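Reading through the structure tokens given below for one structure.
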Amino acid sequence: MTNLLLDAEALYGELKLGVARLMTPDTVLVGIWSGGAWLAQRLNADLSTGRPVGTISSTLHRDDFGERGLGAVEAATSLPFEIDGARILLIDDVIASGRTIRAVVNELFDYGRPASVELAVMVDRGGRELPVAAAFAAAKLTLPATQRLSLAREPDGRFTFAVKETT
Amino acid sequence: MLARRNPQLNAHGELIHLLSIEGLPRAILTQILDTAGTFLSVNDRDVKKVPLLRGKSVFNLFFENSTRTRTTFEIAAKRLSADVINLDIAKSSASKGESLLDTIANLSAMHADMFVVRHSESGAPYLIAKHCAPHVHVVNAGDGRHAHPTQGLLDMYTIRHYKKSFNELTVAIVGDIVHSRVARSDIHALTTLGVPEIRAVGPKTLVPGDLRDMDVRVCHDMKEGVKGADVVIMLRLQNERMSGAMLPSAGEYFKSYGLTEEVLARAKPDAIVMHPGPINRGVEIDSRVADGAHSVILPQVTFGIAVRMAVMSILAGNDA
């Protein structure tokens with residue numbers, strides 16, 4: 001357990017401001033399945049981009065396939081727009097090792113050659129194992145490696161953070 | 001010792017070999033079909049390749065000829081980035097007198113990670129799975145009259161794609177059922193997935209009565225067998241397997257059991273017509289039906305690649 005209380009709705013407000021600053025007139029949002037996809041959908045509506053929103057999954061490019069197997073198959077990539085020349089802003093709930101970002105960038109390039117790819121996250125919990133950085137993080141904190149932080153979506157659409165011990 | 005564990009599953013109940021659909025739980029069949037759906041979308045990408053089997057070697061061991069099945073396994077393995085080695089064993093070691101297990105031992109020494117096996121003897125893939133190294137996975141690509149599980153799974157994928165669910169379907173399997181490993185795999189899969197009515201349709205010489213033990217309705221009249229069906233699965237008349245006079249002639253067979261537009265009109269208006277291929281036009285199926293609006297024979301081939309990708313990637317992710 002952690003005595004740190006993360007108010008996911010307040011962090012979402014921060015994320016929305018940060019994402020608004022990163023947006024250009026032709027930026028498209030792509031949420032990383034699953035938490036990031038929820039965030040990207042809500043951001044896309046709240047910021048009234050008028051553009052379709054994408055979802056991307058790391059499943060087919062994960063580097064721990066050998067140990068963990070295929071995992072959730074409902075995690076399908078859906079990018080309903082041209083990737084060649086696009087300005088992509090990836091959205092995720094939490095960044096830690098950076099391995100998911102490496103995998104989804106590879107996944108993205110299977111669909112084309114974007115003009116640029118940036119990343120905005122709700123929480124940067126440190127512990128990077130790859131040279132990956134977010135252009136915006138609503139919160140930065142340090143958690144023990146045994147704790148897993150993940151976003152949950154309530155039936156009414158509100159976000160909460162769940163912290164689980166994974167020992 | 002009937003209570004022994006299914007040799008296709010590890011201690012956690014995960015799939016490590018695909019040898020037969022018989023005895024696999026519904027959850028595993030559904031997992032394969034769901035995963036295949038993900039892989040179908042790989043066709044829409046600029047790069048039609050994913051790296052899940054990168055660095056793995058898949059050996060296609062075809063002791064019996066099959067261009068189509070071997071090719072779709074090869075495409076599936078290549079889309080997963082595996083290295084594929086095709087061995088036309090019918091023409092090599094076996095004809096020089098090497099035993100099956102010696103062949104496997106040699107190929108294992110070449111660092112195989114997966115064997116895709118077709119053999120004219122029922123049970124050959126089981127024997128290989130039993131004797132290969134623990135990290136090696138075996139996929140049955142058709143053994144004798146026994147099973148052809150990936151064909152069964154791609155048929156299930158096709159049915160689910162067009163009919164959405166299995167719970168209320170009537171499925172008619174028509175033709176040479178006694179020689180058909182496809183029919184056997186389909187029947188097991190349809191039963192496990194909850195299809196309430198499965199019919200086996202054909203002449204007495206080709207439709208064994210003991211199918212009734214598998215909860216299948218045996219029907220020797222074509223029109224009655226197709227009546228009200230949601231799905232009609234036609235089987236190829238396997239001339240090369242037939243020994244002795246089981247049928248008067250191909251023309252006679254077509255008259256009684258060929259699928260024509262007239263016969264198909266007795267099925268449901270939105271019925272789909274399937275066939276594992278290769279089709280014999282004018283023997284078991286009329287060209288107007290094979291090329292008609294109800295036919296999903298070519299989509300079956302496309303789905304087959306995605307289903308084989310799903311099977312290989314699920315196996316590769318599970319340890320013995």
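What the table shows:
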item	result
Residue of A:R51, A:R87, A:R21 that the Gaussian network model of chain A assigns the largest fluctuation, springs spanning Cα pairs under 10 Å	A:R21
Under 28 Å from B:K56, Cα to Cα: lysines that are on another chain or at least 8 residues apart	B:K48, B:K78, B:K91, B:K130
P(r) weight above 24 Å for segment B:204-320, C-alpha pairs, percent	38
Reciprocal of mean inverse Cα separation for segment B:175-216 (Kirkwood radius, Å)	10.4
Zone of A:L47's modelled label, taken as backbone nitrogen in segment A:80-95 under 13 Å from a point 7 Å along Cα→Cβ	A:87-92
Helix B:67-79 vs. chain B, principal-axis angle (Cα, 0 to 90°, nearest 10)	50
Surface/4 of the Cα convex hull for segment B:83-178, nm²	8.7
Relative contact order %, chain B, counting alpha carbon pairs below 8 Å whose residues are six or more apart	20
Computed FRET value (nearest 0.05) for B:R217 with A:A162, which takes r as the C-beta separation and R₀ as 60 Å	0.75
Beta bridge orientation in the protein assembly as shown: antiparallel %, DSSP, nearest 5	15
Cα Rg, Dmax (largest Cα-Cα span) when computed across segment B:149-229, Å	11.8, 34
P(r), alpha carbons of segment B:37-137 - 5 Å bins starting at zero, rounded %	2, 12, 22, 23, 19, 11, 7, 3, 1, 0
Cα radius of gyration and Dmax for the protein assembly as shown (Å)	26.0, 83
For segment A:40-167: span of alpha carbons on each principal axis (Å, largest first)	42, 37, 28
Against the rule of thumb 2.2 N^0.38 Å, how large the Cα Rg of segment A:104-167 comes out	1.39
Inter-chain Cβ neighbour average for residues B:309-317, partner chain, 10 Å	3
Virtual spin-label span in nm between A:E14 and B:E197, 7 Å along Cα→Cβ	6.3
log₁₀ of I(q)/I(0) at q = 0.12 Å⁻¹ - segment B:1-65, Debye sum with one point per alpha carbon	-0.50
Cross-link table B:K163/B:K223; B:K223/B:K255; B:K164/B:K268; B:K49/B:K163, entries beyond 18 Å C-alpha to C-alpha	B:K163/B:K223; B:K49/B:K163
√(5λ) per eigenvalue of the Cα gyration tensor, chain B, largest first, Å	32, 22, 19
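Computed from the coordinates by the stated procedures, all read-outs in this text should not be read as laboratory data. Please read these numbers as outputs of a predicted model, since none were measured by experiment. Every residue, glycine as well, gets a Cβ built from its backbone with ideal geometry; the counts of neighbours run over all protein chains shown.
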